[in-house]
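The values are calculated or read from the model by the stated rules, or taken from the named source; none is laboratory data. These numbers were taken from a predicted model, which means no experiment stands behind them. Note: ideal-geometry Cβ built from the backbone for every residue, glycine included; neighbour counts use all protein chains shown.
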Amino acid sequence: MSEIKEILLKLLEKKISIEDAEKLLKANIIEEVGEVAKLDIFRRTRTGTPEVIFAQNKDPQVLIDITSGFLKNKKFAIISRYNEKQKDLILRNFGNNGDYIIDINELGKIIVIKDISYNFAKKGGIVGIITAGSSDIPIAAEAEVIAKTMGCNVISSYDVGIAGIHRIFAPLSDMIKKGVHVIIVCAGMEGTLPGVVAALVDVPVIGVPISSGYGMGEKGKGALITMLQSCSPGLLVVNIDNGFGAGASAAIIANKIAE
């Protein structure tokens, strides 16, 4: 149940006054952590997308304070792009008291912490995730974690790029048979695979350019340009290495279709 529904239910049951309900609604819109961060507590309620704590370049103690705020208000926290020092501090602060379950995805550099009594609601969306090469897997893993926390089932197939184009047909056929609502395709180098997939299926495809490649197309620029210039209709493109954006967008589409 969302925070808004809980407050309104208490109001209907006359457990709180209208004035108290107003105060609670205002208080829960945003929470400040010291003088360095403001938590958007109701983002998931408004948009269906959880706020993710982007750990890169954050002071470790500030990261812990922000995470504590999320756990207190939302019963879960998602932390992306962490470093080893941050991970160790997270484990020391939240891993020893038995109140939380910590799921660390080392490949995608993303951590999900949740209260032991909290479960992410299943929404019915089905998301397929494909990578062209093994170098693309970390970003795909980030997208997978996000889609799962947003209530989707995820079907993944890795390392099926166009250098061996025959590899794509079996996993793609399996995804279609299982009723995927949207497919995320991660590709670096020249980034051709998302356009190929979009030309073969009748569901939306989200292309994720990966920061591999060299020369003129280095750091994912070649892949991004290829995807943006694709002739295949139904291909949407997020920014370079944006696994979070791809996972969130795919989950919104898939869950809305499943609804």
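Residue count for the range 134-163 under the criterion of being among the charged types (D, E, K, R) and touching a residue at least 40 places away in the same chain (Cβ under 8 Å): the result is 3.
With a requirement of 2 or more residues that are farther than 18 Å from F120 by Cβ and modelled with pLDDT under 60, the strands (runs of 3 or more DSSP E) lying completely within the range 1-82 that satisfy it span 31-33, 37-39. All of V203, V196, V185, V160 fail the test of being part of a helix (DSSP H, G or I) and of a type in the set (A, V, I, L, M), apart from V196. Residue count for the range 164-182 under the criterion of being in contact (Cβ under 8 Å) with a residue 60 or more places away in the chain and either loosely packed, with under 15 Cβ neighbours inside 10 Å or assigned to a strand (DSSP E or B) (or both): the result is 1. For the range 196-225, the tally of residues that are surrounded by 24 or more Cβ atoms within 10 Å (Cβ to Cβ) and touching a residue at least 40 places away in the same chain (Cβ under 8 Å) stands at 4.
For the structure I just gave you, tell me whether K219 is of a type in the set (K, R) and under 25 Å from A121 (Cα atoms). If you could, list the steps in order and put the result at the bottom.
Numbers: of a type in the set (K, R): yes; under 25 Å from A121 (Cα atoms): no.
Here the answer is no, as K219 does not meet what is asked.
A count restricted to the range 226-259 and to residues that are among the small types (G, A, S) and in contact with a Lys or Arg (Cβ under 9 Å, 6 or more places away or on another chain) stands at 4. Within the range 116-144, being part of a helix (DSSP H, G or I) and crowded, with 24+ Cβ neighbours inside 10 Å holds for D136, I139, A140, E142, A143, E144. On the basis of being at pLDDT below 95 and not small (G, A, S), does L172 make the cut? Yes, satisfied.
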